[in-house]
Amino acid sequence: ENYLDSIRLNFPRRDWIEQCIKINAKDGNPPGRDNIRAFYDCVRDVEAAKNGFRLVRIKHGDFDWENYDENNKAHADYLDNLLNYTDSHQGINYDWRSLEIEFQRIKLNYLKWLFYLTPPSDNIIGCGVGDNFSLFNSPNGRSFSCSPSSMKSVYCGGGKGSVRTGNYFNNCEELERESSKIKVSLVSKTKELRLLLRGCMRLGDCRAVSEIIENYYWIKVGLHEFVHDNRFDFEKKGVISEGSRDYILERLSRNEEVDFLSSMKMVPFQWNRHACCAYDCGPIVLGINGYVPYSKVVEQRNEYFSDKIDIFKEVNQDMKRDIATDSLSKIYDFLLLYHRDPIAKIKNYGDFKVYKDLLREEIIRIQNRINQIIDQEGVDLEKFYFVP
């Protein structure tokens, strides 16, 4: 029961647990013999998985091996299933769907806060002033970072580090409560993911470590880089700066797996640090039939682009964004694309005042859809209903 779900077993874990409980065998002579046996069994299971060996468990009495007949199909199938079994409970035991939803809800939360914005009169964060204050596609996501949806600390770049910003938003207690709950949830979920990652590293489970890194960065920023920033290059080869966010994003853009040994010095798993541009550039997107792992994304993109090698030539950026969106439309529901209306009409706060009613309609539609998914899939998240 205490085995990490990332451990690859070649026998049905749940069945063996149930049989142990049912049989309830005891052997206390010498004292502690049961514990010693359990320890040895554990070492065999863990070390076999860690070092790439297939360890098969055979329960006494399940099959009459003295009368095994290799020409008997039922017997041959039994042996084949026994030797090639993969535990159906394997994999990373983590609620990726909840994390995926929270990343989308913090973007939606930012859109709600725009209705309570008083644009700054100084340009301390480099996003403009007054009606010219940029709301989307800001440098390093600074517009989002200065909002109550984030921590009101803005990364300025160029070796300047981060600065605390003024309070540019009017109070709204209900929206503040919503923001706080989503942020607490994101902190908790990323902390859980860090602990899971460390556990997999200690076990030497390279595949699980790479899977965690790929899935996390794809949800947080990969979709944004692919769909909005058009960062994709399936042809480019060469040296990549290792141990950095760029390394991971380059791999994702090429449809390649992430080598966890080269990303050990990656940026921390903290949702509100690095690539906050994804939060004020979108898209807001969720898997159509539940959470979509990055491995599925790779398959889908490979299938789509297999006969479209030159598809990006001589097209403008918005057309590239449409192509990127279309390539994933079978597996993702794009609830809001920031290069399309109404967001496309809103370049700054002055535009927002003109089109805010359209934005409010989008907020209602997206919020209803997210709440519907939470109900339909039984996701362990609180639903929010506030409309600005």
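Values quoted throughout were computed directly from the atomic coordinates according to the rules given, and no laboratory measurement underlies them. All figures in this text were calculated on a predicted structure; none of them were measured in a lab. With ideal geometry, Cβ positions are generated from the backbone for all residues, glycine too; neighbour counts draw on all protein chains shown.
Compute the length gained on full extension between F386 and V354: take 0.36 nm times their separation in residues and subtract their Cα-Cα distance, giving the result in nm to one decimal.
Residue separation times 0.36 nm, minus the Cα-Cα distance, leaves 9.4 nm.
Which pairs, out of K183/K220; K112/K356; K112/K220; K22/K73, put more than 22 Å between their alpha-carbon atoms?
Over 22 Å Cα-Cα: K22/K73.
Just report the Cα centroid separation between the stretch 331-388 and the stretch 274-327, whole Å.
Cα centroid of the stretch 331-388 versus Cα centroid of the stretch 274-327: 19 Å apart.
Cβ under 13 Å from K189's Cβ, K189 left aside: what net charge do those residues give with Lys, Arg +1 and Asp, Glu -1?
That sum, taken over residues with Cβ under 13 Å, equals +2.
What are the residues whose amide H is under 5 Å from the amide H of V285, where those residues sit 5 or more places off or on another chain and H is modelled from the backbone?
Distant-sequence amide H within range of V285: L335.
Under a plain spin-label model, where a point goes 7 Å from the Cα along Cα-to-Cβ, how far apart in nm are N2 and K59?
2.3 nm
Suppose the chain between C206 and H75 were pulled fully straight at 0.36 nm per residue; how much longer would it get relative to their current alpha carbon spacing?
That works out to 43.6 nm of additional length.
HN-Hα J couplings of the stretch 144-149 from phi, Karplus 6.51/-1.76/1.60, θ = phi - 60°, integer Hz, Gly and Pro as x?
5, 5, 8, 8, x, 5
For Y68 and D310, what does the FRET efficiency come to when R0 = 51 Å and r is the distance between their Cβ atoms, rounded to the nearest 0.05?
Efficiency for this residue pair is about 0.30.
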